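What follows is a set of notes on a single structure, which appears directly below.
The values are calculated or read from the model by the stated rules, or taken from the named source; none is laboratory data. Please read these numbers as outputs of a predicted model, since none were measured by experiment. For neighbour counting, all protein chains shown are included, and Cβ atoms are generated from backbone atoms with ideal geometry for every residue, glycine included. Please note that ligands, DNA and RNA were not included when accessible areas were found on the heavy atoms of the full protein model with its side chains. Shrake-Rupley method; radii C 1.70, N 1.55, O 1.52, S 1.80 Å.
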Amino acid sequence: MTALQALLNTRDLGRLRHIAGVFVRHGLGDLVHRLGWTEALAKAGHALHIEHAADLARLSPPEQLRRALEELGPTFVKLGQIMAGRADLLGPAWIAELEKLHSSAPPVEIGLLRAQLTEDLGAPPEAVFAQWDDTPLAAASIAQVHAATLGDGTEVVVKIRRPGIESTIEADLRLLERLAGSAERQWPELRPYRPVELARQLARSLRRELDLASECRHAERIAQAFAGQPEIVIPKVYWEHTGPRVNVQQRIRGVPAEDQPGIDAAALDRRLIAQRGANAVLKMVVRDGFFHADPHPGNLFFLPGERIAFIDFGMVGRISPQRRDELLTLMLGLVQRDPMSVAEVLIDWAGNDSTVDDSALHIDIESFVDQYHGVPLANLSLAAMLGDVTGILRQHKLALPADLALLIKVFITLEGLGRSLDPGFHMAGEALPLLRQAVHDRYQPKQLAQRGWQTLRQLGMLLGGLPRDLSRLLRTARRGRIQIQIDVTDLHPVADQLERAAQRIAVSLVIAALIIGSSIVMTVGGGPKLFGLPAFGLLGFVGAVLGAGWVIFGGRPRR
């Protein structure tokens, strides 16, 4: 199925027309045409006028794309934010522009919002809360936040999903998932960048954010991990008022991490805050495998006693135990200048891509690591090193797995925040003791025994199911019902070429018949004349010439 057919088979052509129109208006008409949207909409009766691009066409392509994504709403803003973390796919100019994307939006009309909130709470907000403020504290593309007070005087924030946003997001996700699958089949050069995986990552992230109760479950899981560390604060969740479309959490009053003068006015120890923040995120990643995936300054507050409060757990990341082991090897290799360890991990992450030149990748990694030889640990920038690694991946047309791309973005954000607090902050220095401890723990007898027991249990399950599987296989063979499925990739272009070849053969046969028939007619006297020749014979000859021209020039397969 081509990208064009995939789009025509959807029920979201109205939304597609709007998306294409926004892209055209922002000077991206050529992109719309290359994606096949123009032809798809024309066949569905929706014409686009590519030539009437706006004055925005004079902007740089990255800026054109960012503005278009902002206008298209939450799905495309989230797509841009995800792509901003994919330095392995996009160059610095695109990353810098997409990082400017923000999810703020005009507030929802309060009447619509109150109607939905009353339905979710079971009563008007004034009947549920001791105090309620109709003026939002913040409005974003998915939800907006209002201040309220519980009956016992506790200040809370009430987060409410925007009415009707779910249907728009689902339509966008259907279009993007279909387009990604078709693009990956139709353009093999895109496969190393895994567009289908990227579309699925976007869908998972957005559907999680739409469920506001899921955000609260994430918060409680992280709060439990820091139960013994009072310096890390996670807002309390009030489940009696929480559901998929609304959640109620403790209001955090502190100094926002982006308020540099406020930090100084509160006489907070910048160095200690930076260290505690880095250690908290590293613990989430290295020990727990579950982390806050958006620790930008707007989601952090600093409290008296150099405590740090994390808010907004709509976007989280998960790292499997195997991936954590690989990550430990990579980060230790970077910090300890071990190019072989770094290269081996990156090649494993590349998967079974036969186009990877292992020797060239090894050489580039060794050159990269060697440039840090002799540099004191305190002078290393983990963010810069990870940025260089993703640049090497992009050069070799390799893409990071989605979970790791998200994690690298977190590390880069965290180091930038740490240095804004303390210019002497170095993420590598903070990470090394924890990484060494994690490696040490991995080879403790208890951990080795646990992994060995898991392996034996999996082996036992495999051996236990083997007789049953063999019995089913033999039973199927006796019934003559064994089927072998062969999946041949890239067959659609071959089928298209065969179809065009068959058309040319059919037309060639018709032309041959016209030539022979016109020759016979021209040798027979009588009948109408044209330019002194038998009219029917002459017309048959002209038709044959035109048909031959079509076969030679118009019937060639398109490239």
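Quick look at the values:
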{"read-out": "Breaking point among (1) at pLDDT 80 or above; (2) crowded, with 21+ Cβ neighbours inside 10 Å; (3) not in a helix (DSSP H, G or I), for Lys78", "value": "(3)"}
{"read-out": "Among (1) surrounded by 20 or more Cβ atoms within 10 Å (Cβ to Cβ); (2) without any contact (Cβ under 8 Å) to a residue 12 or more places away in the chain; (3) of a type outside the set (Ser, Thr, Tyr), the one test that Val285 misses", "value": "(2)"}
{"read-out": "Selected residue [in contact with a strand residue (DSSP E or B) (Cβ under 7 Å, 6 or more places away or on another chain), within 30 Å of Gly262 (Cα to Cα) and modelled with pLDDT of 75 or more] from Leu407, Leu414", "value": "Leu407"}
{"read-out": "Subset of the range 92-105 (residues that are under 25 Å from Val316 (Cα atoms) and either among the hydroxyl-bearing types (Ser, Thr, Tyr) or modelled with pLDDT of 80 or more (or both))", "value": "Pro92, Trp94, Ile95, Ala96, Glu97, Leu98, Glu99, Lys100, Leu101, Ser103, Ser104"}
{"read-out": "Some residue of the range 293-309 being touching a Leu at 6+ places or on another chain (Cβ under 7 Å), closer than 23 Å to Gly228 by Cβ, assigned to a helix (DSSP H, G or I) and of a type in the set (A, V, I, L, M, F, W, C)", "value": "no"}
{"read-out": "Single condition Asp441 does not satisfy, out of (1) at pLDDT 75 or above; (2) under 30 Å from Val285 (Cα atoms)", "value": "(1)"}
{"read-out": "All positions within the range 395-407 that are more than 14 Å from Ala278 (Cα to Cα) and either assigned to a helix (DSSP H, G or I) or open to solvent by 20 Å² or more (accessible area, probe 1.4 Å) (or both)", "value": "Gln395, His396, Lys397, Ala402, Asp403, Leu404, Ala405, Leu406"}
{"read-out": "Tally of residues being open to solvent by 40 Å² or more (accessible area, probe 1.4 Å), assigned to a helix (DSSP H, G or I) and either within 14 Å of Asp403 (Cβ to Cβ) or not β-branched (Val, Ile, Thr) (or both) across the range 327-350", "value": "3"}
{"read-out": "Test: residue in the range 291-306 that is farther than 22 Å from Ile408 by Cβ, modelled with pLDDT of 90 or more and either in contact with a Lys or Arg (Cβ under 7 Å, 6 or more places away or on another chain) or open to solvent by 60 Å² or more (accessible area, probe 1.4 Å) (or both)", "value": "yes"}
{"read-out": "Residue list for the range 417-448, restricted to those being within 27 Å of Ile263 (Cβ to Cβ) and of a type in the set (A, V, I, L, M, F, W, C)", "value": "Leu417, Leu421, Phe425, Met427, Ala428, Ala431, Leu432, Leu434"}
{"read-out": "Qualifying residue in the range 444-460 (condition: at pLDDT below 75, outside any helix (DSSP H, G or I) and farther than 30 Å from Gly387 by Cα)", "value": "yes"}
{"read-out": "Residue among Asp211, Asp264 that alone is farther than 30 Å from Glu306 by Cβ and out of contact with any Cys (no Cβ under 8 Å at 6 or more places or on another chain)", "value": "Asp211"}
{"read-out": "Qualifying residue in the range 130-139 (condition: part of a strand (DSSP E or B), open to solvent by 60 Å² or more (accessible area, probe 1.4 Å) and modelled with pLDDT of 80 or more)", "value": "yes"}
{"read-out": "Number of the exception - Ile160 against (1) assigned to a loop (DSSP other than H, G, I, E, B); (2) in contact (Cβ under 8 Å) with a residue 12 or more places away in the chain", "value": "(1)"}
{"read-out": "Qualifying positions in the range 151-191 - among the hydroxyl-bearing types (Ser, Thr, Tyr) and open to solvent by less than 50 Å² (accessible area, probe 1.4 Å)", "value": "Thr154, Ser182"}
{"read-out": "Residue list for the range 426-438, filter: exposed (fewer than 14 other Cβ atoms within 10 Å of the Cβ) and either of a type in the set (Ser, Thr, Tyr) or at pLDDT below 75 (or both)", "value": "Gln437"}
{"read-out": "Ile222 vs. criteria β-branched (Val, Ile, Thr) and under 30 Å from Gly14 (Cα atoms)", "value": "no"}
{"read-out": "Pairs, first at pLDDT below 90 in the range 106-127, second of a type in the set (S, T, N, Q) and assigned to a helix (DSSP H, G or I), C-beta under 8 Å, six or more apart", "value": "none"}
{"read-out": "Residues located in the range 475-502, provided they are modelled with pLDDT under 70, in a helix (DSSP H, G or I) and not small (Gly, Ala, Ser)", "value": "Leu491, His492, Pro493, Val494, Asp496"}
{"read-out": "Residue list for the range 197-232, restricted to those being assigned to a strand (DSSP E or B) and surrounded by fewer than 20 Cβ atoms within 10 Å (Cβ to Cβ)", "value": "none"}
{"read-out": "Candidate set from the range 234-267 (those that are among the polar types (S, T, N, Q) and in contact (Cβ under 8 Å) with a residue 40 or more places away in the chain); member that is farthest from Leu414 (Cα to Cα)", "value": "Asn247"}
